[in-house]
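Have a look at the structure below before the remarks.
The values are calculated or read from the model by the stated rules, or taken from the named source; none is laboratory data. From a predicted model like this one, the values you see are computed outputs, not experimental measurements. FYI the Cβ positions are ideal-geometry reconstructions off the backbone, even for glycines, and counts take in every protein chain you see. Note: areas computed on protein heavy atoms with side chains; ligands, DNA, RNA excluded. Shrake-Rupley method; radii C 1.70, N 1.55, O 1.52, S 1.80 Å.
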Amino acid sequence: MRSIWRTLDRDLARDIGLVCAADALVGVSFGAIAVSAGLPLWLPMLLSVVVFAGAAQFIFVGILAAGGNPVAAVVAGLLVNARHLPFGFTVGDVLGTGWARRIVGSHIMIDETVAFALAQREPRRRRAAYWGCGVGLFICWNVGVVLGAYGGTVISDTDAFGLDAAFPAVLLALVLPALREAATRRAALTGAAIALAAAPFLPAGLPVLLALAGVAVAAVGGG
């Protein structure tokens, strides 16, 4: 691990540090909203250690907090995390050869770690960026979630602090960069229209799953 930190130059370490700080703040919001919504204190902490995928965690907790079915929440989270399959092919070389390193490396494979790794041209810097960012984010995210979860026990109204905006803000931030492509815009708009139309008639969680039909509709339209 020391060799990783020695490989990171000052600018790269600074960029990773800023991302870790931002993720810690989002983690505080996640923990506070989850607990203040009536979910048990241990749930956001367990999710953050075992799942460690912000978008999937936000969707899972959001569906449960809205009274949705736990099965629908799990399925929605798994579908969001399906993007990790191509991630694995893209950055598989930075994980190492030992089975323990590959398991740990796969666990910290999130959007930020992949982005930092792919931005480096030298293999050594790719590994350092991936592992440095991944370990830093894992620590900062979980510390933030713990602080937010305990804070959520004393915050009766997260709306008053604007924390209720964390769910849509994070998901919107994940989607916006991809909306430059016409096919992605078609899929997103179609999915949003389907979810809005189904929301008044279906239990919480199911409109999110139905929105995935937007991908198929957009693909047919593009063809």
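Residues that are part of a helix (DSSP H, G or I), in the same structural domain as Phe30 (by the TED database) and of a type in the set (S, T, N, Q) are absent from the stretch 64-72. The set of residues from the stretch 92-106 being in contact (Cβ under 8 Å) with a residue 12 or more places away in the chain and open to solvent by 30 Å² or more (accessible area, probe 1.4 Å) comprises Asp93, Ser106. In this structure, Ala193 does not satisfy being part of a helix (DSSP H, G or I), crowded, with 18+ Cβ neighbours inside 10 Å and modelled with pLDDT of 80 or more. Can you find a residue that is more than 12 Å from the chain's Cα centre (by Cα), among the charged types (D, E, K, R) and farther than 18 Å from Tyr150 by Cα anywhere in the stretch 105-114? No, every residue in the stretch 105-114 fails to be more than 12 Å from the chain's Cα centre (by Cα), among the charged types (D, E, K, R) and farther than 18 Å from Tyr150 by Cα. When Gly88 is tested against (1) in contact with a Ser or Thr (Cβ under 9 Å, 6 or more places away or on another chain); (2) buried (at least 21 other Cβ atoms within 10 Å of the Cβ), just one condition goes unmet, and that condition is (2).
Taking the stated definitions as given, is Thr158 hydroxyl-bearing (Ser, Thr, Tyr), closer than 25 Å to Ala72 by Cα and at pLDDT 75 or above? No: the conditions fail for Thr158. It is to be established whether one or more residues within the stretch 202-222 are in contact with a Gly (Cβ under 6 Å, 6 or more places away or on another chain), open to solvent by less than 60 Å² (accessible area, probe 1.4 Å) and modelled with pLDDT of 65 or more. Yes, because at least one residue in the stretch 202-222 is in contact with a Gly (Cβ under 6 Å, 6 or more places away or on another chain), open to solvent by less than 60 Å² (accessible area, probe 1.4 Å) and modelled with pLDDT of 65 or more. Regarding the stretch 38-57, can at least one residue be identified that is assigned to a helix (DSSP H, G or I), modelled with pLDDT of 85 or more, open to solvent by 30 Å² or more (accessible area, probe 1.4 Å) and over 16 Å from Trp141 (Cα atoms)? Within the stretch 38-57 (the criterion being assigned to a helix (DSSP H, G or I), modelled with pLDDT of 85 or more, open to solvent by 30 Å² or more (accessible area, probe 1.4 Å) and over 16 Å from Trp141 (Cα atoms)), the answer is no, since none of the residues qualifies.
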